[in-house]
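Contents: one structure, followed by commentary.
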Ligand SMILES: Nc1ncnc2c1ncn2[C@@H]1O[C@H](COP(=O)(O)OP(=O)(O)OP(=O)(O)O)[C@@H](O)[C@H]1O
Ligand SMILES: [Mg+2]
């Protein structure tokens, strides 16, 4: 029965297929694309709940911009944690809003709304229940059929690699909720390692560092901006003055923070990542090592925006490393690419 549905999906004429919508439901940001139209939405995965009215009232960029500045009855929620849905209702509300903003506007003039199929990614370490949650959430917001593919395969395709090629490639996706280190080739994941302490956890490390070293309490948004504005691996020392709350007096206090502070705060985290890459290489089949050395390590995800991160990886691991263009769009671009060929999509989609 299942095969029959699959075959039907595969061969039905395109007129019946309706729209195809692609989703990268990231911990830090959500990206949505429409077939033949490209990326139509990039928004932070945040929303604000009015706990008095029990209603979600802020979404995406607006919700993230008011983080730490709201009255007590407004709670800012991050519905995706470490790449998986942690608050189902909030995620459905956020998706509904994002669909209204970016997808439904295309149907405004159409009397009969066409069916919409979804292609979405799930982390390869996600459980069946976590994968079903993604499927359910998308069905709830109006998608008629959901294909799920493992995120590393989409990310690899978005790095301009042919995931079906027999030449293996090593990729590190440095995201907000997950650091995914993986080797892909022959249409699958050959080896992988996932670290849950990713970009968002680094903001917490900055909070702790500034708290202990300078006796200053910072908001989450300030910690992230310190990471984005100061951190680099190019030996450039930048400084910035930040204002927070004094631990001693509880009053506002200003402190000058340097690039070296942020590096010190995050060094163990980055060492954990490079150690993870080394371990994955050490435990990989010997046949592929030579090819990996030859082709180098590909870096992607939001943290790959950090200046000099490619040289940092190359120095630590002693293998050439380079960042792709548009690092934060690699996964959604990969979904778009893989979905161009229906047969490939069926080969890669997860049965749940
Ligand atoms: N220029 C930058 N410098 C440093 N960090 C950055 C920069 N730009 C983005 N980031 C960080 O990258 C992370 C977001 O990356 P990305 O958009 O790849 O995550 P995601 O896809 O939403 O998460 P995941 O794939 O882990 O679920 C955040 O922690 C953000 O602070
Ligand atoms: Mg991601």
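Observations on the structure shown:
- Top-ranked residue of segment 117-131 - restricted to ones that are over 11 Å from residue 22 (Cβ atoms), in contact with a strand residue (DSSP E or B) (Cβ under 9 Å, 6 or more places away or on another chain) and in contact (Cβ under 8 Å) with a residue 60 or more places away in the chain, ranked as surrounded by the fewest Cβ atoms within 10 Å (Cβ to Cβ): 125
- One residue stands out among those in segment 64-88 that are out of contact with any strand residue (DSSP E or B) (no Cβ under 7 Å at 6 or more places or on another chain) and under 16 Å from residue 135 (Cβ atoms): the one that is nearest to ligand 1 (Cβ to nearest atom), which is 83.
- Residues of segment 208-224 that are out of contact with any helix residue (DSSP H, G or I) (no Cβ under 9 Å at 6 or more places or on another chain), in a helix (DSSP H, G or I) and in contact (Cβ under 8 Å) with a residue 12 or more places away in the chain: 211 alone.
- Members of segment 337-352 found to be more than 15 Å from residue 145 (Cβ to Cβ) and either in contact with a strand residue (DSSP E or B) (Cβ under 9 Å, 6 or more places away or on another chain) or in a helix (DSSP H, G or I) (or both), listed by number: 337, 338, 343, 344, 347, 348
- Inspection of segment 276-292 finds a residue satisfying the criterion of being closer than 18 Å to residue 194 by Cα, surrounded by fewer than 16 Cβ atoms within 10 Å (Cβ to Cβ) and in contact with a strand residue (DSSP E or B) (Cβ under 8 Å, 6 or more places away or on another chain).
- Set 153, 178, 161: member being under 30 Å from residue 292 (Cβ atoms), surrounded by fewer than 23 Cβ atoms within 10 Å (Cβ to Cβ) and in contact with a strand residue (DSSP E or B) (Cβ under 8 Å, 6 or more places away or on another chain): 161
- Exactly one residue out of 183, 179 is within 16 Å of ligand 1 (Cβ to nearest atom) and in contact with a helix residue (DSSP H, G or I) (Cβ under 9 Å, 6 or more places away or on another chain): that is 179.
- If you go through segment 44-54 and keep only what is more than 21 Å from the chain's Cα centre (by Cα) and buried (at least 20 other Cβ atoms within 10 Å of the Cβ), you end up with just 49.
- If you go through segment 293-318 and keep only what is crowded, with 18+ Cβ neighbours inside 10 Å and either away from ligand 2 (no atom under 16 Å from the Cβ) or in a helix (DSSP H, G or I) (or both), you end up with 297, 302, 303, 304, 309, 310, 312, 313, 317.
- Residue match in segment 167-175 (condition: within 16 Å of ligand 1 (Cβ to nearest atom), assigned by TED's automatic domain parsing to the domain that holds residue 303 and under 17 Å from residue 262 (Cβ atoms)): yes
- Looking across segment 23-43 at every residue that is surrounded by fewer than 20 Cβ atoms within 10 Å (Cβ to Cβ) and part of a strand (DSSP E or B), the one that is nearest to ligand 1 (Cβ to nearest atom) is identified as 42.
- All of 269, 225, 246 fail the test of being assigned by TED's automatic domain parsing to the domain that holds residue 300 and within 29 Å of residue 318 (Cα to Cα), apart from 269.
- Pick from segment 319-336, criterion assigned to a helix (DSSP H, G or I) and in contact with a strand residue (DSSP E or B) (Cβ under 6 Å, 6 or more places away or on another chain), ranking: farthest from ligand 2 (Cβ to nearest atom): 336
- Index of the failed condition, residue 219 passing every other in (1) within 10 Å of ligand 1 (Cβ to nearest atom); (2) more than 22 Å from residue 299 (Cβ to Cβ): (1)
The values are calculated or read from the model by the stated rules, or taken from the named source; none is laboratory data. Just so we're clear, the structure is a prediction, and the values are computed from it rather than from any experiment. Glycine also receives a Cβ, built like all others from the backbone with ideal geometry; neighbour counts cover every protein chain displayed.
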